[in-house]
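Please read the structure below before turning to the comments.
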Amino acid sequence: RNRQHQLEMQQLIGTFPMFAQVDENSQEELLLLFRPKVASPGERVIRIGDRGDGMYFISSGAVEVQLEDDPVRLQAGSFFGEMALLSGGRRTADVIAVDFCQFLVLERRDFNVFMSKHPALRAAVSDMAKERKAMNVSR
Ligand code: CMP
């Protein structure tokens, strides 16, 4: 493996500690599956009511999830867009970039295949989705 590749791997794990729990081969697989995407301040990344096309990992920048009262800010190291993929339903909120952002996108098909091979990771993502939903109903 070349140096550049090793750096990419270190950066991936450094930014997203949740990937430390998957084995090295699967980390390699993720690097191949991720589709890079960028957004500018003010850009709508996810539209409420749309079908879920992918899950977004924030490599840099920040977004706001537009919830009823206060928006929730998510930054580098966090993810969003997991709910519609887990439920097979629609996007539950608008998500707006508040910075220049770089994302790594796991498309729906890749999400399904990868998560079925990594139940512990799926469970971690699913727990976070449950926490978020609970937070939303109590607002
Ligand atoms: P999804 O419904 O696919 O698209 C909108 C996303 O906003 C949702 O997935 C979550 O990733 C995110 N989201 C919804 N509620 C919250 C919350 N309370 N905190 C953080 N993120 C949230």
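The values are calculated or read from the model by the stated rules, or taken from the named source; none is laboratory data. Source: prediction; values computed, not measured. Neighbour counts are summed over all protein chains in view; Cβ atoms, including those assigned to glycine, are modelled from backbone coordinates with ideal geometry. Only protein heavy atoms, including side chains, enter the accessible area calculation; ligands, DNA and RNA are left aside. Shrake-Rupley method; radii C 1.70, N 1.55, O 1.52, S 1.80 Å.
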Please enumerate the residues belonging to the stretch 17-47 that are touching a helix residue (DSSP H, G or I) at 6+ places or on another chain (Cβ under 9 Å) and within 16 Å of the ligand (Cβ to nearest atom). Met18, Ile46
Given the condition more than 23 Å from Ser40 (Cβ to Cβ) and within 13 Å of the ligand (Cβ to nearest atom), answer yes or no: does some residue in the stretch 91-104 qualify? yes
Residue match in the stretch 38-46 (condition: over 18 Å from Phe111 (Cα atoms), open to solvent by 80 Å² or more (accessible area, probe 1.4 Å) and either aromatic (Phe, Trp, Tyr) or touching a Ser or Thr at 6+ places or on another chain (Cβ under 8 Å) (or both)): no
